[in-house]
Amino acid sequence: MNSIVTFPNRIPVEEFEERRFQVYTDRQLDKIEAIQQLPEETRFEMRVVASVLPFRVNEYVINELINWDQVPNDPIYQLVFPQKGMLKDEHYERMANLHREGAEKADIQAAAKEIRDELNPHPAGQMEMNMPTLNGEVLDGIQHKYRETMLFFPAQGQTCHSYCTFCFRWAQFVGDKDLKMSSTDAARMHGYLKEHTEITDLLVTGGDPMVMKTKNLVQYLEPLLEPEFDHVQTIRIGTKALTFWPYRFVTDKDADDLIELFARLVDAGKHVAIMAHYNHWQEISTDIAEAAIRRIRSTGAEIRAQGPLIKHVNDDADAWAKLWKKEVKLGIIPYYIFVERDTGAKNYFEVPLAEAYNIYREAIKQVSGLARTARGPSMSAGPGKVEVQGITEISGEKVFVLRFLQGRNPDWVQRPFFAKYSETATWLHELEPAFGEEKFFFEDEYEQMRQGNG
Ligand code: SF4
């Protein structure tokens, strides 16, 4: 273990200057030069919203990814900077009044906590249903929702290089300790994997695991090269660092070690999949972003791209088509287009399922077969990942055609089912079964699982 191998000479050496990582949170909003140019009213709104929802942005995103001439409509600006509409009117007014009155920090924090609790901080039963046990003990930082996939949330990776305003894991970032799910315990994670030989895929996720030092990642991943982990064939790493901080893979102090780790895992026979979170082609508009992609791919690791469809950022078929084309050109595999989850600032970002499907279809029509690997729009709901496959008419009834791409019961997968068409529904629980049925086929079994009998 931990043996040093020579740095594989297939990896390109990229000529880039090291960049200092400089980050701004709600306390430093006013220090951001570009923000100082915005009207005072806009800055006040940002301060109000940032006292409820997490805010963090780094200098690279501000200076390289946002087109300030397009603000407030620039997609990356919407992706990272708080906007008034992200809070419901009553929540906004309550918080704005506290700011206007110059309320004590403690009062602002207490009000923020109450508002957050109303925003469904843990969607899809994450806290109740997905916590596995080892030797009778609940394992923090691990989720085992689908038979073959285990999620691991390393404690050192529970933040991100910047925060997305629409993040479904936002609750983790606002200091509410009972909502955090993370672990530093490599031994327990390995213990669980050893016992569960049905797990073929490990997904290391966060926050963003790429904020971790490489040496921490090594401690979690390198032991998986031992023969007792042969069943773990794929190591997926969910990250938005390719957008928010591509220097992580190119010039950061331990970037070479990271690239070497990927190469070592690949050479030992693991499939390493970087699950890159992209929302817009503008995220891949810099030389450093392309260099990071080249370096990762040269190790033999694959990059798969996924991200939600969100109003104000990418509710636009042409933008998706351009993103997918760009991804394929750079050797990235388009993987998923998600429906924005039922949490946080959902009201601001949500796109009705019917519209989301139409955007997806209009986008996919524009690209070649290689980019048509993007599945969706898909809802990561309690029972599983449900895809809107189409809108059609059967026996005079207009319906959504749906299928599970992943299910809590693997037998649900790929079984088509139908919901009444709706112009406004934005999530699975707002859909009704078609053809006069009372329930969807999985509902009774899912309810049993929720009661703990499944
Ligand atoms: S990078 Fe991912 S986890 Fe981090 S804020 Fe964005 S969506 Fe959330």
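The values are calculated or read from the model by the stated rules, or taken from the named source; none is laboratory data. The shown structure was predicted, so the numbers you read here are calculated from the model rather than taken from an experiment. Cβ: placed from backbone, ideal geometry, glycine included. Neighbour counts: every protein chain shown. The accessibility values were calculated without ligands, DNA or RNA, using every heavy atom of the protein model including side chains. Shrake-Rupley method; radii C 1.70, N 1.55, O 1.52, S 1.80 Å.
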### Task
Hand me the list of strands (runs of 3 or more DSSP E) wholly inside the range 184-282 holding 3 or more residues that are under 30 Å from ASP315 (Cβ atoms) and within 16 Å of the ligand (Cβ to nearest atom).
234-239, 271-277
### Message
Being over 21 Å from PRO209 (Cα atoms) and either touching a Phe, Trp or Tyr at 6+ places or on another chain (Cβ under 7 Å) or surrounded by fewer than 15 Cβ atoms within 10 Å (Cβ to Cβ) (or both) is the filter here; which residues of the range 135-150 pass it?
### Response
ASN135, GLY136, GLU137, VAL138
### Query
How many residues are part of a loop (DSSP other than H, G, I, E, B) and surrounded by 12 or more Cβ atoms within 10 Å (Cβ to Cβ) if we restrict to the range 389-416?
3
### Message
Out of ALA273, ALA255, ALA268, ALA263, I need the residue that is open to solvent by 30 Å² or more (accessible area, probe 1.4 Å) and small (Gly, Ala, Ser). Which one?
### Response
ALA268
#### Entry: Hits in the range 300-311 - residues which are open to solvent by 20 Å² or more (accessible area, probe 1.4 Å) and either over 26 Å from LEU402 (Cβ atoms) or among the aliphatic types (A, V, I, L, M) (or both)
GLY300, GLU302
### Query
Identify, please: which residue in the range 152-174 is within 9 Å of the ligand (Cβ to nearest atom) and assigned to a helix (DSSP H, G or I) and is, among those, most open to solvent (accessible area, probe 1.4 Å)?
PHE173
### the range 312-356: number of residues that are closer than 14 Å to ALA374 by Cα and open to solvent by 30 Å² or more (accessible area, probe 1.4 Å)
7
